[in-house]
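One structure is given below, encoded as structure tokens.
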């Protein structure tokens, strides 16, 4: 597989120290993104906050693509790239930004942790992978974890409307991974330049339609959160994931999704004063166990090989 002529190396041997360090950085940055969005929502309307973030990030990717003189996708691939962007950055992030007005960042990352499992189920439904008993059991375990957070003995921490929004966001992200596979022959920078531009345009339209107030952030913590989300949280995280996936398999790289809740809960308690509850921790463990058992464990990956006997787990070209 190639990305703009550069061969993508996937190595199944033990990762080196540098790869592990890059992976750890990706987990920390990705987990911190949810905290950044929570701070952004303190002053900016959610759809406008998402639109502002990706408008600037898309501009950065367009500059990078132009500097590298990368070829643009044409005809069918161009439209496919637009659909990828609408799913990846418009629909999924609009839903997540809106949900994060109602729930803590830690709870949001727990639900998003099911993305690898959702991707596997979607791929199976489209005839790209085989659906095994481990996937079914893992899905049920993850569902139990989410229900526990919603209906457990403690105070409700996951309202139904927010849960529905995040599940739809996970579904959108999962499908975007599958579409992203068809665009893997293009350089990642151009894929994100086209996709983020399409997503940003749709987010701006959505923000205008609901009557968001388009303001420039003035609160220091909001200003810094937007700067972080645009630079380190979008472009920087994307680069980290690409560096890791060039040394490891895509399915191994997707472990970042499962580890996000740990980082987000700890940072949320430290930076945003979000409490860590026993209900939330139990739900997180159930969800992460279900995703690992059903989608990410060696036996699960072996049992869910595609119909052509090649694994089709692919790391998304965006990570919240």
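The values are calculated or read from the model by the stated rules, or taken from the named source; none is laboratory data. Everything numeric here is computed off the predicted structure, so don't read it as measured data. In this analysis, Cβ positions are derived from the backbone assuming ideal geometry, glycine residues included, and neighbour counts consider all displayed protein chains.
Being on the phi < 0 side of the Ramachandran plot and modelled with pLDDT of 90 or more is not true of residue 108.
Within the option set 185, 195, 199, being within 15 Å of residue 81 (Cα to Cα) and touching a strand residue (DSSP E or B) at 6+ places or on another chain (Cβ under 7 Å) holds for one residue only, 185. State yes or no: is residue 66 farther than 30 Å from residue 102 by Cβ, part of a helix (DSSP H, G or I) and modelled with pLDDT of 90 or more? Yes, satisfied.
Does residue 290 fit the bill of being within 22 Å of the chain's Cα centre (by Cα), modelled with pLDDT of 75 or more and over 23 Å from residue 36 (Cα atoms)? Judged against the criteria, residue 290 is a match. Every residue in region 264-281 that is over 14 Å from residue 111 (Cα atoms), buried (at least 19 other Cβ atoms within 10 Å of the Cβ) and under 20 Å from the mean Cα position of the chain (by Cα), please. Listed by number, the residues that qualify are 267, 268.
The single condition among (1) surrounded by fewer than 24 Cβ atoms within 10 Å (Cβ to Cβ); (2) within 16 Å of the chain's Cα centre (by Cα); (3) under 19 Å from residue 160 (Cβ atoms) that residue 114 does not meet is (1).
When we screen 47, 39, 23 for residues that are modelled with pLDDT under 90 and surrounded by 19 or more Cβ atoms within 10 Å (Cβ to Cβ), the only hit is 23. In this structure, residue 276 does not satisfy being touching a helix residue (DSSP H, G or I) at 6+ places or on another chain (Cβ under 8 Å), over 22 Å from residue 45 (Cβ atoms) and either in a helix (DSSP H, G or I) or modelled with pLDDT of 95 or more (or both). Screening residue 123 with (1) modelled with pLDDT of 90 or more; (2) in contact with a strand residue (DSSP E or B) (Cβ under 8 Å, 6 or more places away or on another chain) gives one miss only, at (1).
Only residues that are over 30 Å from residue 267 (Cβ atoms) and either touching a helix residue (DSSP H, G or I) at 6+ places or on another chain (Cβ under 6 Å) or buried (at least 24 other Cβ atoms within 10 Å of the Cβ) (or both) were counted across region 124-140, and they come to 5.
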